[in-house]
Every structure is written in structure tokens, then in C-alpha cells.
Amino acid sequence: MKNIVVQKFGGTSLGSIERIKAVAKTIKKTSLNEFPIIVVSAMSGETDKLINLAKDISDDPAERELDALLSTGEKVSAALLAMTLQSLGLKAKSFSAAQISMRTTSNHSKAKIIDINIDTIQASIDEACIPVITGFQGINDVGDVTTLGRGGSDTTAVAIAASIKAERCDIYTDVDGIYTTDPNLVPEAKKLRSITTEEMLELSGQGAKVMQVRAMEFANRYDVPIRVLSSFKEGEGTLITKEISSMEQPIITGIAMQDNQTKFTLHGVEDTPGNASGILGPIGDAGIDVDVIVQNVSVSGKTDFTFTIENSDAKKAQKILESDLIKVNYDKLIVNNEIGKVSIVGVGMRSQSGVASIAFKTLAENNINIQMISTSEIKITLVISLKDMNLAVKSLHKAFNL
Ligand code: ADP
Ligand code: ASP
Ligand code: MG
């Protein structure tokens, strides 16, 4: 019995029939030694094209129909890839999320995987037929199609790898591994041989879209080793595992950035118990994720309360904050979407002090003002002006010798 590996191919990797043929050859090669289960994204640009079609009809298309529409992108690539594998003499079959019972929550466009019935996948393995599964989608409890958020095919792949107890999950993409920061923005970025699951979870959560954050949550919970590698050129890629064997961990492993954030400040909030939940409760109830949160010390019984969320939720959040769902009194709402978020991540921070002061000094030397700071054991996040974001990443990359 061959080892089972899940292999996921992203949009650029499947961007044309030529690319699909190249991917089929890679799968054929894998199949000589291992049994591949394939997860596919839509061909590059397809998901955006479908979103734009819907937006041509309505600014706010029905969520159920939007998900039904977006799920077709992955169906096209699954069928095309299955045909191509067959033309190479391999047994292969495409499967949609419904066909493999990929059950998710009902919140369209941000659904979370609940469980997968692996019987269909197992039956395909038993027949030595390579399953080619649509990423990014699931079905809810009434059988409607849901999607898992942009980049969600990564999550499909890792979730399938976890449930089938695959040897590992290979993520084939357009870069040849995980770099110290986005190599398309910082050409000096260096490729990492390995990175811990915990660090990649933080980098993804803070904007490194090379892995969707939910995929990293699954990898972390179910201990799935991941290899990120290029579908364009051969190479070892980067291994993401719980433990990495290097003798000396660097203090900082990588830097992530996000330019799609909005900052809300409630100015002059009456400082009484229950404030934070009074403001963020209705936001959370609407399914909006809040990231950095800062509340100032109150002066004369009044304080400022600031938090960041993704731009795509900004309109919805503003409506809530200005509605009578918010029982907390405040003087003024200030909305700023000209912000950037830069995060420095590394498990080495646990045993090393002074990382924050190097980061602050570096930004000060570059005349970059820090608007908000949030830290965890292995991460420092700095909210700054959007126009300063690229300079901040480049100078921090240099300051930490990455
Ligand atoms: P796919 O379509 O294969 O899922 P994505 O576009 O979602 O590919 O992810 C790959 C991209 O992630 C890269 O092209 C790169 O610009 C970006 N990226 C961001 N941070 C990093 C990082 N630290 N290392 C590598 N790539 C990164
Ligand atoms: N096709 C989806 C997207 O563009 C999912 C994915 O590529 O992972 O976001
Ligand atoms: Mg992706």
C-alpha cells in the first residue's frame, strides 16, 4: 500500500490548459511512489471574474447565489484536470464538495468545515482511482453550496489530509516555498527550508496569503505536515511542521503585512463596565472578525476605543456602530482605511527580549508613526499608515537580518 499524500494546486498552477497538462505530469510522477489525492483551485483570475459578473448585477448579491456561482470555478478545473490525467493513462475522477459530503457551517463566503465523510474518497482510493476534489467549497446542513473564504482551497486540502490521515499535504503554488516575507514585494526575501506550524499560523493570520489561516489552524490541530512548493520548477520547497530540527532558531522567522484593513475609533466613550462587550458584541454577532484592539486609560470618565477589521466588513461594521444595537454612549466615530499592518513573527522571541525595541527604533529612524501595537508571545503587530507599509517591511527585514 502506497503512502497517501494530498496535493493542492493553486490558481496560477492551473491557469491554462498548458499548465493543467504540466500539473498532470507532476501528479503522474508522484503516483509512481505515492497515492495522490488532488485538491484544486479555480483557474487563475476565474474567481475574480465570477465576483465581477455578480457585481454587475448587484452591489450586494444574495450570499447563497454568490457562493453557488463562485463554486463553479473549482468545478471547471477539477473536471479539466481529471480529463487530463485520464489522457495520460491514469484512473482519475473529479468530485465536488457535495459529492464528498464536505459539511460546513452556513455562513456563506466564510463557512467553516464541520466534517468530511471520507467514504467516497476511500472508495476511490480502493479502486486506485485518483480523486480530483474541488477546493474552497462545502455544503451546509440544507445542502446549499458554501465557500470557505478567499484562498480556501488550502483549507480544503489540509482538512482532507487530516481526515484521511495522509502522510503530508503538498501545496503547489507560484512561489517555491515560504519566504521571510512576500518575495513579490521584497525581492531580498529569503526562502526558508522549514518553519514551525505555530509561526506559519501567525504569518498567515497576519496576511501571508501563501497559506490560508484556516488551513494552518487545521494543520496545527491535527498535526498535518505541509510542504509548500512551486508547480513551475523543481525543488524541496519549505516544510511546515510542529517541530523543526535546526539547532539554532532565528529570533525572527518572518514578516507579514496586510493592506486591507480599516480602523474604527470610538472617541469619548463613557468608561463603564461592559463597554468592550457592548461595542464588540454586536460586531461579533454579525460574524465580523476583530483584530487589533486598544482601549486607552480614561480621562474624566471618558476613553477612546479603537479596533481594526478587514475592509470587506467595514460598511457592515459602520452600520452596526451607528445603529441602536450599540448601547454604549460615545461622542464621535472615526473611520480610517488608510492603514497598514505589519507583523514580526518568530518563536525565538519567547527567549529573547529587546525585539520590540529594535522594531520601534527601526520605524522611528524611518520616520514612521506607530498608531497601534499588539503583541503575543511570538508576534508583534504594528498598525501604521498605509503609505509607510512597504518601507516598514523593508526596513524591518533589514534590521532583523532576514
Ligand atoms: P495560489 O493561487 O497558489 O493559492 P496565492 O496567491 O494564494 O497562490 O499565494 C501565493 C502568494 O503568496 C505568492 O505569490 C506571494 O506573493 C504571497 N506571499 C505572501 N507572503 C509570502 C511568504 N512569506 N512566502 C511566500 N509567498 C508569500
Ligand atoms: N478560487 C478561490 C480564490 O480565488 C480559492 C483558492 O484559490 O484557494 O480565492
Ligand atoms: Mg492561495
Under the Karplus curve 6.51 cos²θ - 1.76 cosθ + 1.60, θ = phi - 60°, whole-Hz ³J(HN,Hα) for segment 144-155, x wherever Gly or Pro sits: 6, 6, 10, 10, 9, x, 4, x, x, 5, 4, 5
C-alpha center-to-center spacing [segment 276-299, segment 92-156] in angstrom: 33
Cα→Cβ-extended label distance, 7 Å offset, between Gln122 and Ser376, nm: 3.4
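So what's the convex hull volume per residue for the Cα atoms of segment 32-91, in Å³? Write out the running numbers ahead of the final one.
Numbers: hull volume 5.7 nm³, N = 60.
Taking the convex hull of the Cα positions in segment 32-91, it is 95 Å³ per residue.
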Cβ-defined net charge surrounding His108, 10 Å radius [Lys, Arg +1; Asp, Glu -1]: -2
³J(HN,Hα), Karplus 6.51/-1.76/1.60, whole Hz, each residue of segment 268-279, x for Gly, Pro: x, 7, 5, 7, 10, x, x, 4, 4, 6, x, 8
Neighbour-limited loop hits for trypsin sites (Lys or Arg not before Pro), segment 272-357 (at most 12 other Cβ within 10 Å; DSSP other than H, G, I, E, B): Lys327
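Compute for segment 215-291: radius of gyration divided by Kirkwood radius, i.e. Rg/Rh, restricted to C-alpha atoms, rounded to two decimals. Please report the intermediate quantities before stating the final value.
On the way: Rg = 20.3 Å, Rh = 17.6 Å.
Taking Rg over the Kirkwood Rh, I get 1.16.
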Globularity ratio of segment 7-51, using Cα Rg and 2.2 N^0.38 Å: 1.25
Magnitude of the charge dipole, segment 359-402, Cβ model with Lys/Arg +1 and Asp/Glu -1, debye to 20: 100
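Apply 1/(1 + (r/R0)^6) to the Cβ-Cβ distance of Leu391 and Asp48, taking R0 = 25 Å, and write down the FRET efficiency to the nearest 0.05. Write out the running numbers ahead of the final one.
Values: r = 28 Å, r/R0 = 1.14.
Calculated value: 0.30.
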Per-residue HN-Hα couplings for segment 93-106 [Karplus 6.51, -1.76, 1.60; θ = phi - 60°; Hz; x = Gly/Pro]: 9, 7, 9, 8, 4, 5, 5, 9, 6, 7, 8, 10, 5, 8
Residues whose placed amide H lies under 5 Å from that of Lys93, excluding near-sequence neighbours: Ile130, Val132
Length-normalised contact order for the chain - Cα pairs under 8 Å, 6+ apart - percent: 13
Debye log10 I(q)/I(0) at q = 0.10, 0.17, 0.20 Å⁻¹ for segment 100-248, Cα point scatterers: -0.36, -0.98, -1.26
In Å², nearest 10: area of Asp56 left accessible to a 1.4 Å probe: 130
GluC sites (Glu not before Pro) within segment 115-200: DSSP coil, no more than 12 neighbouring Cβ in 10 Å: Glu127, Glu188
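Tell me, Kirkwood radius of the chain from alpha-carbon pair distances, in Å? Can you show the working numbers first?
Numbers: mean 1/r = 0.0443 Å⁻¹.
One decimal place: 22.6 Å for the Kirkwood radius.
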Per-pair calculated FRET efficiency, R0 = 56 Å: Leu325 and Glu18 via Cβ, rounded to 0.05: 0.60
For segment 1-122: relative contact order, % (alpha-carbon pairs under 8 angstrom, 6 or more apart): 22
Thr105-Ser353 pseudo-label distance in nm [points 7 Å out on the Cα-to-Cβ vector]: 4.0
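Which sequence of Met102, Met43 reflects their accessible areas, 1.4 Å probe, from the largest down? Display every interim value, and only then the final one.
On the way: Met102 0, Met43 40 Å².
Output order, biggest surface exposure first: Met43, Met102.
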The chain: most fluctuating residue of Val210, Val383, Val297 per GNM, C-alpha cutoff 10 Å: Val297
Cross-link reach list, lysines versus Lys302, counting only Cα pairs under 21 Å and skipping chain neighbours closer than eight places: Lys263, Lys327, Lys332
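Which value, in Å², gives the accessible area per residue of segment 230-370 when a 1.4 Å probe is used on the protein heavy atoms?
Values: 7610 Å² over 141 residues.
For segment 230-370, the per-residue accessible area is 54 Å².
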Separation in nanometres of the label points that stand 7 Å from Cα toward Cβ, at Arg193 and Ala98: 4.8
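Net charge within 15 Å of Asp60 by Cβ-Cβ distance, Lys/Arg positive one each and Asp/Glu negative one each, not counting Asp60 itself?
Counting the neighbours of Asp60, the net charge comes to -1.
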Exceeding the 23 Å Cα-Cα cut-off - candidates Lys191/Lys398; Lys55/Lys315; Lys165/Lys191: Lys165/Lys191
Portion, in percent, of the accessible area of segment 292-371 that falls on carbon or sulfur, probe 1.4 Å: 48
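Got the relative contact order for segment 128-210 handy, in percent, Cα pairs under 8 Å and 6 or more residues apart?
Working: 62 pairs, mean separation 14.2, N = 83.
Relative contact order here is 17 percent.
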Rounded to 5, the percent of DSSP beta bridges in the chain classed as antiparallel: 60
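Can you give the local net charge around Lys327? Use residues other than it whose beta-carbon is closer than 14 angstrom to its beta-carbon, Lys and Arg +1, Asp and Glu -1.
On the way: positive: none; negative: Glu270, Asp285, Glu322, Asp324.
Summing Lys/Arg as +1 and Asp/Glu as -1 gives -4.
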Anchor Lys28: aspartates and glutamates whose Cα lies under 12 Å away (excluding residues fewer than 8 positions away in-chain): none
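Determine the share of segment 133-286's accessible area contributed by carbon and sulfur atoms, expressed in whole percent, with a 1.4 angstrom probe.
Looking at segment 133-286 in its full context, I get 50 percent from C and S.
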5 Å binning of all Cα-Cα separations within segment 20-155, expressed as whole percents from 0 upward: 2, 11, 20, 21, 18, 13, 8, 4, 2, 0
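The values are calculated or read from the model by the stated rules, or taken from the named source; none is laboratory data. Just so we're clear, the structure is a prediction, and the values are computed from it rather than from any experiment. Every residue, glycine among them, receives a Cβ derived from its backbone with ideal geometry; neighbour counts consider all protein chains shown. The accessibility values were calculated without ligands, DNA or RNA, using every heavy atom of the protein model including side chains. Shrake-Rupley method; radii C 1.70, N 1.55, O 1.52, S 1.80 Å.
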